[in-house]
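Beneath this line is the structure, given in structure tokens, with notes to follow.
Laboratory data are not the source of any read-out in this text; all were calculated from the coordinates shown. All of these numbers come straight from a predicted model, not from anything done at the bench. Here the Cβ positions follow ideal geometry from the backbone for every residue, glycine too, while neighbour counts run over all protein chains shown.
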Amino acid sequence: MTYGIICAMPEEFGILEKEIKNATTLSLYGRDFISGEIEGKNVVAVVSRIGKVAAAFTTAILIEKFKVDAVVFCGIAGGLGDNVKIGDIVIGEGCVQHDFYLADNDIFRIPLLNISNIPCDKVLSKKCLNATKSFCKSEKSAELCDFFKEIGVTAPAVHTGIIASGDQFISDSARKAWIKKKIENVKCVEMEGAAVAQACFEAGVPCAVIRVISDCADEGADVSFDKFVNASSLYSCAIIKELLK
Ligand code: SAH
């Protein structure tokens, strides 16, 4: 069993790289695919870069070239749910491309697949949920709360629900409200999840998306994002290690 692990940005990947034992790197199309072991499990870990095209391209390579059996995406996102606050963690039940538009009465539907909500794998997502819950009870989580208390981070809550993805950084209350209105049970917004989920769905490979909330996708998003992003790999690393234990 080999897990593909994807983060979009080097900041999200950060210290996770140091956890990969017996690592070998293959550079392909400007991306470093690092194969090795974390907690004794085989992994291929990679930074996809930002956005849906980069994420789908990277996922396809993980599946086709590295033959991964499952893909876990881990990164940060803007919170959308009413009770979703900075520092909370969202596990996707499914992902919707909020910038996919066919017609006013037919938005989000992916032609041919004929679905708008790309499902994440239930079994893998449940494992991610359990791992995240145990991370939240750990000393590491308490340390991170302390580290981020300046931006109001308190003990994290874990949410499950829909993740909205699009090729836009959302820092606008009106756009945020529109996404919340149009996508039922949406919890956060980011720029890669639906692309990874769709590539995996089409290939029949289980996929899960884990997102730590870095901002509230409103006018304060840039400031909060900037404060959070540099330390975001502390979360990715702790949660992925817990998952692979
Ligand atoms: N400032 C960065 C761009 C970051 S884009 C640069 O110039 O390089 C935002 C990244 O974080 C994406 O990978 C996305 O998935 C995630 N993200 C966090 N908050 C987001 C938000 N409010 N809207 C969209 N994506 C968000």
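Looking at the structure I just gave you, is ASP218 part of a loop (DSSP other than H, G, I, E, B) and surrounded by 17 or more Cβ atoms within 10 Å (Cβ to Cβ)? Talk me through it step by step, then tell me what you get.
Working: part of a loop (DSSP other than H, G, I, E, B): yes; surrounded by 17 or more Cβ atoms within 10 Å (Cβ to Cβ): yes.
Yes, satisfied.
Is one or more of the residues making up the range 206-213 surrounded by 21 or more Cβ atoms within 10 Å (Cβ to Cβ), of a type outside the set (D, E, K, R) and more than 14 Å from the ligand (Cβ to nearest atom)?
The answer is yes; a qualifying residue exists.
Of all residues in the range 179-195, which are over 19 Å from VAL158 (Cα atoms) and within 13 Å of the ligand (Cβ to nearest atom)?
Residues of the range 179-195 that are over 19 Å from VAL158 (Cα atoms), as a first pass: 179, 181-183, 191-192, 194-195.
Within the range 179-195, ILE179, MET191, GLU192, ALA194, ALA195 qualify.
What are the residue pairs meeting all of these: first residue in the range 37-51, first residue on the phi > 0 side of the Ramachandran plot, second residue more than 14 Å from the ligand (Cβ to nearest atom) and among the aliphatic types (A, V, I, L, M), Cβ atoms under 9 Å, and 6 or more apart or on different chains?
GLU39/ILE240; GLU39/LEU243; GLU39/LEU244; GLY40/LEU244
Could you grab me the full set of residues in the range 214-233 that are within 10 Å of the ligand (Cβ to nearest atom), among the small types (Gly, Ala, Ser) and within 14 Å of the chain's Cα centre (by Cα)?
SER214, SER232
Restricting attention to the range 46-101, which residues are within 13 Å of the ligand (Cβ to nearest atom) and assigned to a helix (DSSP H, G or I)?
LYS52, VAL53, ALA54, ALA55, THR58
Check off (1) more than 16 Å from the ligand (Cβ to nearest atom); (2) in contact (Cβ under 8 Å) with a residue 40 or more places away in the chain; (3) assigned to a helix (DSSP H, G or I); (4) within 26 Å of LEU244 (Cα to Cα) for ALA199 and give me the number that stays unchecked.
It fails just one condition, (1).
Conditions tested, residue by residue: (1) of a type in the set (A, V, I, L, M); (2) in contact with a Lys or Arg (Cβ under 8 Å, 6 or more places away or on another chain); (3) surrounded by fewer than 23 Cβ atoms within 10 Å (Cβ to Cβ).
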| position | (1), (2), (3) |
| --- | --- |
| GLY81 | no, yes, yes |
| VAL90 | yes, yes, no |
| LEU102 | yes, yes, yes |
| ASN105 | no, no, yes |
| PHE108 | no, yes, yes |
| ASN117 | no, no, yes |
| CYS120 | no, no, no |
| LEU124 | yes, no, yes |
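Can you tell me how many residues in the range 166-177 are more than 16 Å from the chain's Cα centre (by Cα), within 13 Å of the ligand (Cβ to nearest atom) and either surrounded by fewer than 19 Cβ atoms within 10 Å (Cβ to Cβ) or among the polar types (S, T, N, Q) (or both)? Working first, answer last.
Our first condition is that a residue be more than 16 Å from the chain's Cα centre (by Cα); within the range 166-177, this holds for 171-177.
Those still in the list that are within 13 Å of the ligand (Cβ to nearest atom) too: 171-173, 175-176.
Checking the rest, the ones that are also either surrounded by fewer than 19 Cβ atoms within 10 Å (Cβ to Cβ) or among the polar types (S, T, N, Q) (or both) come to 171-173, 175.
Residues meeting the conditions: 4.
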